[in-house]
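Report on the structure given below.
The values are calculated or read from the model by the stated rules, or taken from the named source; none is laboratory data. The shown structure was predicted, so the numbers you read here are calculated from the model rather than taken from an experiment. Quick reminder, even Gly has a Cβ in these numbers, built from the backbone with ideal geometry, and neighbours come from all protein chains shown. Note: accessible area is taken over every heavy atom of the protein model, side chains too, but ligands, DNA and RNA are not part of it. Shrake-Rupley method; radii C 1.70, N 1.55, O 1.52, S 1.80 Å.
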There are 2 protein chains.
Amino acid sequence: METHVGIVLLGCGVVGRGVLSILDQERDLLKQRTGIHFDVRHVVCRDVSKHADIAGVYQLTTNAEAAVTDPGVQIVVELMGGLEPAGGLIARALKAGKHVVTANKALLAVRSAELFKLAKNHHVSIGFEASCGGGIPIIDALTRGLLANRIDALLGIINGTCNFILSQMSQHGWGYEQALKEAQKLGFAEADPTMDVNGRDTAQKLAILASLAFNVAVGEQDIAVSGIDTLQADDIRYAAELGYAIKLLAIAERVGESLALRVHPTLVHNEDLLADVSGSFNAISVFGHAIGHQFFYGRGAGQMPTASAVVADLLGIAMGVIPHAFERLNVHTDLPPVKVLPPDQLESRYYLRVTTRDQPGAFAGITSALGRHGISLKSVHQNETDTGDNPVPVVVTTHRAKQGAMTAAIREIDALPSIQSPTICIRIIDQPTEFGQV
Amino acid sequence: METHVGIVLLGCGVVGRGVLSILDQERDLLKQRTGIHFDVRHVVCRDVSKHADIAGVYQLTTNAEAAVTDPGVQIVVELMGGLEPAGGLIARALKAGKHVVTANKALLAVRSAELFKLAKNHHVSIGFEASCGGGIPIIDALTRGLLANRIDALLGIINGTCNFILSQMSQHGWGYEQALKEAQKLGFAEADPTMDVNGRDTAQKLAILASLAFNVAVGEQDIAVSGIDTLQADDIRYAAELGYAIKLLAIAERVGESLALRVHPTLVHNEDLLADVSGSFNAISVFGHAIGHQFFYGRGAGQMPTASAVVADLLGIAMGVIPHAFERLNVHTDLPPVKVLPPDQLESRYYLRVTTRDQPGAFAGITSALGRHGISLKSVHQNETDTGDNPVPVVVTTHRAKQGAMTAAIREIDALPSIQSPTICIRIIDQPTEFGQV
């Protein structure tokens, strides 16, 4: 049984080229495994003249509208990124009865509910495995393999740029700016890295993953975000001395009836698998009531891993797997709104770096501010210094405390006369316990 | 849209009880996510009187034949294990037009080709996610998420019992027997642990995984197997000193046109994620031409993780996902026979522990035997000893060499007059390189 499926590629950048390369070079493999052959009917690009090398092989065009409504096209692959014209073209394709494959997390973080609904109404499906975690089949796991689980927590390193920068800072003792430059030089960060380093890209992906894991409508605005752009090399070094790596984590955690949703630099203990995720790799830890701890690791971005996820979705749609799941699953549309845990209520352990003058009573001032807010110390580290005049860093780790209490305590600490610069505060994540597991 | 699906459970042991618990306690969650409600029409057990606690809730019976052919049953869940009567009942169910979910790797390692074919002929499907890696959705990944990849290698820790025993040996410096006893005491090893510790259970799972990854028919007999039952505490200690953990790995690796297939204790470098897999956890590393390195980690056995995989398959079948994939995919049946790389041709690095008398020329005898077979040393470790009379262990690691050469060299070494006991030889695995990746 051989089936020909007509597709159109919207966008012919790095990932688009990767998709074409798999469809071309692995044509026989795909046909052997599934009996499916993809006919690339149009490749839509902004400037046809820039793709002269493939002009003889593919039908290049700038007319996206005509391409997505071509009656010979069954699946539209959107790889343009951004909100428009991508969003409008996807809507147009769905209305024309085409399935859609997209890697566009920015769009899905804003319009997924509307576009998924549109797809359902037109009895077509949207494959979006490539939108989160690159080649890691995490969307598939959440909507299939782990479907029998109440999910308790999902923690991920889902931005390769940030993880690469943090790995460089940790490995070489570099500051943020130097590590960013190196990442840009090696192609792991874009010329304008804002969306990556400020955590927004991570939050968009978390919105998608948390919706699927917890079956509530999560948007980017529900997530408390801080990025890596203010991190200092000192804290990465001190954390390492304490046995922790600093990672930008996306965290969605069930707390009673609410979800704690956040993206921030986090101290991860070296024994946690997430601490071993280096360079541009991504990883996602999922805790479910039946599976316990499950961990997925792989390349979260880049040409071929992302193309792998796109082609997997093409095959999934052509085999009927995604259309059936999409039609059946109630996890894409009509989700109840998320009940977000107020950030002040969030409990965790903390790493603090207080910069104080080494004078009588300075230390007591810090500890009593913490004590007044019910925060108890787990460890305190202050190295001997030569002179009494230079400000000294005091590194403190605490037991669990509510963020509200910590914020108040830091306000008091920073008002002490001995304090030389604002206190650095980074959350420490303890791996959630597996329920009912040994 | 709500759909009722009739199922029968063959076997009501630990995993069966786990399945019933998910179907009962997560009834609302499953219905909310998928609109599917499972009616457990029969629970087949060997001795009805042993399940009095659920006799009022489920229709208990010893009549498997009648249960699997009940016209109200759409899916048969086989959790009896073993070749018969499980195999016969599955065949019977397929012929009666029922889909099947099974966790039975022993059966699939022997009869998968025949049973998959039977399923295809009767337009039904077999879900077997629970047969390998417990709750880890690795079958799903190989047949869906990674489908666009030429797989280069698959390496796994896929027997929780062995990994638990090895972790105990490593952690406490225990010998094999003591660690086994502890594992049995804690329920991580069965009273008769033979199939686990001799590597056969691992080989059965590897046969299933390698068939899917490489699209060739792999049977247990194609796999060279050695277990952990002859491992000595000394080697775990020496390996640790060199920066390696010893793990029982299942390995399928493309070498030219052939597959190298084997299960054996292996030195895994501490920087490899596989070295961090402790206790009863499982993990699988997959290397694909597009995804690069991907790593899956989770609980590979136990009541609830396995039940999670079974219920995921039930949902997958009821949603139409598995039936469509199964019908479409050519990776289950009519696979060409595997071309196995002759073990002598297999190349790897090696760890050797040679036990020799500390006498002039002893060391030269060892190194020249290796040299004669073109094997070069990477490191040599011999601690100072007090007396010249006691045999001393010399620990050697080598560069890459063919197994045939190593076997011949060891034969010569062990024939040297200074040698006190047979040389221990364990392979060192270097993580395959990712192709085309940075």
Residue in segment B:78-90 that is in a helix (DSSP H, G or I), over 14 Å from B:Gly6 (Cα atoms) and of a type in the set (D, E, K, R) present: no
Segment B:19-45 residues that are within 9 Å of chain A (Cβ to nearest Cβ) and more than 14 Å from B:Leu314 (Cβ to Cβ), paired with ones that are at pLDDT below 95 and surrounded by 16 or more Cβ atoms within 10 Å (Cβ to Cβ) (beta carbon under 8 Å, 6 or more apart): none
Answer residue from segment A:36-65, given it is over 31 Å from the mean Cα position of the chain (by Cα) and β-branched (Val, Ile, Thr) and is most open to solvent (accessible area, probe 1.4 Å) among those: A:Val57
Unique residue being within 14 Å of chain B (Cβ to nearest Cβ), touching a residue at least 60 places away in the same chain (Cβ under 8 Å) and either within 21 Å of A:Pro323 (Cα to Cα) or surrounded by fewer than 19 Cβ atoms within 10 Å (Cβ to Cβ) (or both) when the list is A:Leu155, A:Leu186, A:Leu147, A:Leu142: A:Leu142
Segment B:409-428: number of residues that are aliphatic (A, V, I, L, M) and open to solvent by 20 Å² or more (accessible area, probe 1.4 Å): 5
Residue match in segment B:109-121 (condition: touching a residue at least 60 places away in the same chain (Cβ under 8 Å), surrounded by fewer than 21 Cβ atoms within 10 Å (Cβ to Cβ) and either in the same structural domain as B:Glu220 (by TED's automatic domain parsing) or among the basic types (Lys, Arg) (or both)): yes
Residue under evaluation A:Ala179, criteria (1) under 27 Å from A:Val216 (Cβ atoms); (2) surrounded by 24 or more Cβ atoms within 10 Å (Cβ to Cβ); (3) not β-branched (Val, Ile, Thr), criterion not met: (1)
Criterion (among the small types (Gly, Ala, Ser) and closer than 16 Å to A:Ile322 by Cα) met by exactly one of A:Gly135, A:Gly97, A:Gly82, A:Gly87: A:Gly97
Hits in segment B:274-310 (condition: of a type in the set (Ser, Thr, Tyr) and either assigned to a strand (DSSP E or B) or more than 11 Å from B:Ile136 (Cα to Cα) (or both)): B:Ser278, B:Ser280, B:Ser285, B:Tyr297
Failed item, numbered, when A:Leu231 is tested on (1) within 19 Å of A:Ser131 (Cα to Cα); (2) open to solvent by 10 Å² or more (accessible area, probe 1.4 Å); (3) more than 14 Å from chain B (Cβ to nearest Cβ); (4) modelled with pLDDT of 95 or more: (1)
Residue pairs meeting the criteria (Cβ under 6 Å; at least 6 apart or on separate chains; first free of Cβ contacts under 8 Å to residues at least 60 places away in the same chain, in segment B:240-257; second loosely packed, with under 15 Cβ neighbours inside 10 Å and part of a loop (DSSP other than H, G, I, E, B)): B:Gly243/B:Asn270
Total residues in segment A:189-219, condition touching a Cys at 6+ places or on another chain (Cβ under 8 Å) and either acidic (Asp, Glu) or free of Cβ contacts under 8 Å to residues at least 24 places away in the same chain (or both): 1
Residue within segment A:167-183 that is under 14 Å from the mean Cα position of the chain (by Cα) and at pLDDT 95 or above present: no
Residue ID - nearest to the chain's Cα centre (by Cα), chosen from residues in segment A:311-338 that are more than 7 Å from chain B (Cβ to nearest Cβ) and in a helix (DSSP H, G or I): A:Asp313
Output for segment A:398-433, where each listed residue is out of contact with any Ser or Thr (no Cβ under 6 Å at 6 or more places or on another chain), touching a residue at least 60 places away in the same chain (Cβ under 8 Å) and closer than 19 Å to A:Ala240 by Cα: A:Thr423, A:Ile424, A:Cys425, A:Ile426, A:Ile428, A:Asp430, A:Gln431
Answer from A:Val43, A:Val15, A:Val57, A:Val48 - the residue that is assigned by TED's automatic domain parsing to the domain that holds A:Lys98 and within 14 Å of A:Val310 (Cα to Cα): A:Val15
Set A:Ala318, A:Ala364: member being farther than 17 Å from A:Glu129 by Cβ, open to solvent by 20 Å² or more (accessible area, probe 1.4 Å) and not assigned by TED's automatic domain parsing to the domain that holds A:Val216: A:Ala364
Residue match in segment A:276-284 (condition: modelled with pLDDT of 95 or more and over 26 Å from B:Val286 (Cα atoms)): no
Hits in segment A:125-139 (condition: at the interface with chain B (Cβ under 9 Å from one of its Cβ atoms), modelled with pLDDT of 95 or more and part of a loop (DSSP other than H, G, I, E, B)): A:Ile136, A:Pro137
Condition met for A:Arg33 (basic (Lys, Arg), part of a helix (DSSP H, G or I) and open to solvent by less than 30 Å² (accessible area, probe 1.4 Å)): yes
In segment A:325-361, the residues that are under 30 Å from A:His37 (Cβ atoms) and either in contact with a strand residue (DSSP E or B) (Cβ under 9 Å, 6 or more places away or on another chain) or surrounded by fewer than 21 Cβ atoms within 10 Å (Cβ to Cβ) (or both): A:Phe326, A:Glu327, A:Arg328, A:His332
